[in-house]
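Trainee: My structure is below; once you've seen it, I'll send some questions.
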Amino acid sequence: MSFTKVAIAQGYHATFAKQVAFAKQFKQPNQLNMKKTLQFLFLLFPFYGFSQIEDLTQDLDFFQDRQALYQKWLDHSGLGQVLKVEDIKVKPEELSLYLAFQTEDVDSSMIAWKALKQTYEADFPITLEQQLFYKMVSLMEVRQSIANIQIYDTYDLKVEPLFFVGIYFNEGKVQVESSGHKSIPRNIDIRVDNLSKKLQLSEGEVRERFTKEYVFNTIYDYAVKRFEGEQCGNRQPRVQKLEEQEQLRFEVSNLCREVLENAPQPKLCRVLNRFNYGCNWIKKEKLEFTISFIETRNGFNISVLLDGKYGSGYYDQVQRGGYQSMEIDFDEEIQKYADLYTQALIDLLTKR
């Protein structure tokens, strides 16, 4: 997507050419006729002199000052807990505001973005993207048609962005384009009073037991038991913990027929197995889980984000770039699996 607005200079130049051609129709034998002609042209085109294209680069210092003011507004409104101003780019006819996330992890950023949108839009009649855009236009004092906001998960030139949101004005309304992660977090809301009755514990005992550390350890131990306890042919699945401070993140590799239950064995492989070749070329699967834990007034909330990938089963080790996102080719399967896995976690945490 290009946020460069179509320049209107050509329109002005064409208009000016027509005016010149029209003016040449008047004979100018003396200064009196010239004066009358100029007066006539001024009446015919009174605003031409005020219709010149605005060059935003002449106000670069002003926009840089307002960049700091925009950050101050983000902090004041509470949006600064998730977003921050990364940079501002000023072109003659385009103003771009670049926002970044407070965290550098793409999964954490996406969870925070979705939570921020949900919280904001529950209380206000406009979307979060509209509010960000309208505040930019107001503080920068520019027309909507020449402004845009771009949000990326990373600005490291050595790393390809995985998450993007673009906000701009077109066809009379604020437009939003996005790309990258499409996974939908599954939220598990567990009330202490309900859990207290089910486990036959006091509410104080429930709160004391169900800490973030306890929940993370319980979910991770379950993953190790569930995935490493089963083999797929000659493959041994492996669970690896990636993070456990703010969020619990772990990946499960060397899987097959976990999400893609009906993934076929290639025909050649089936033939080779008739001769005891021991062939297993079923698609390899890799699952990445991001678990967040938030205490609430009535209990706690667990957010489950699942990212599924698949690669060729021909190689023992799938090289970098060899995995493809399930969301593109197997979106229905990965969403169904995410629902089933989330329900399994609910049963795990609430069982007696």
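Trainee: If each residue of separation counts as 0.36 nm, what is the full-extension length gain between GLN324 and GLN200 once their alpha-carbon separation is subtracted? Each step should come with its number before you reach the end.
Mentor: On the way: separation 124, 0.36 × 124 = 44.64 nm, distance 4.59 nm.
Fully extending the segment from GLN324 to GLN200 adds 40.0 nm.
Trainee: So if I take the centroid of the Cα atoms in segment 226-247 and the same for segment 63-107, what is the distance between those two points in Å?
Mentor: Cα centroid of segment 226-247 versus Cα centroid of segment 63-107: 38 Å apart.
Trainee: Give the calculated FRET efficiency between GLU86 and GLU171 to the nearest 0.05, with a Förster radius of 25 Å applied to their Cβ-Cβ distance. Don't jump to the answer; show the numbers that get you there.
Mentor: On the way: r = 28 Å, r/R0 = 1.10.
Once rounded, the FRET efficiency stands at 0.35.
Trainee: Karplus couplings for segment 59-76 from phi (6.51 cos²θ - 1.76 cosθ + 1.60, θ = phi - 60°), rounded to Hz, Gly and Pro as x?
Mentor: 10, 4, 4, 4, 5, 5, 5, 6, 4, 5, 5, 5, 5, 4, 5, 4, 5, 5
Trainee: I've got another one for you. Hey, rough spin-label estimate for LEU157 and GLU141, points 7 angstrom out along Cα→Cβ, what's it come to in nanometres?
Mentor: 3.4 nm
Trainee: For GLU332 and GLN102, compute 0.36 nm times the residue count separating them, minus their Cα-Cα distance, and round to one decimal in nm. Mind showing how you got there, number by number?
Mentor: Numbers: separation 230, 0.36 × 230 = 82.80 nm, distance 3.17 nm.
Extra length from GLU332 to GLN102 when fully extended: 79.6 nm.
Trainee: Where Lys and Arg each count +1 and Asp and Glu each count -1, what net charge lies around VAL304 among other residues with Cβ under 13 Å from its Cβ?
Mentor: Working: positive: LYS114, ARG186, ARG249; negative: ASP107, ASP189, GLU288, ASP307, ASP339.
It works out to a net charge of -2.
Values quoted throughout were computed directly from the atomic coordinates according to the rules given, and no laboratory measurement underlies them. These numbers come from a predicted model, not from an experiment. All Cβ positions, glycine included, derive from the backbone under ideal geometry; neighbour counts span all protein chains shown.
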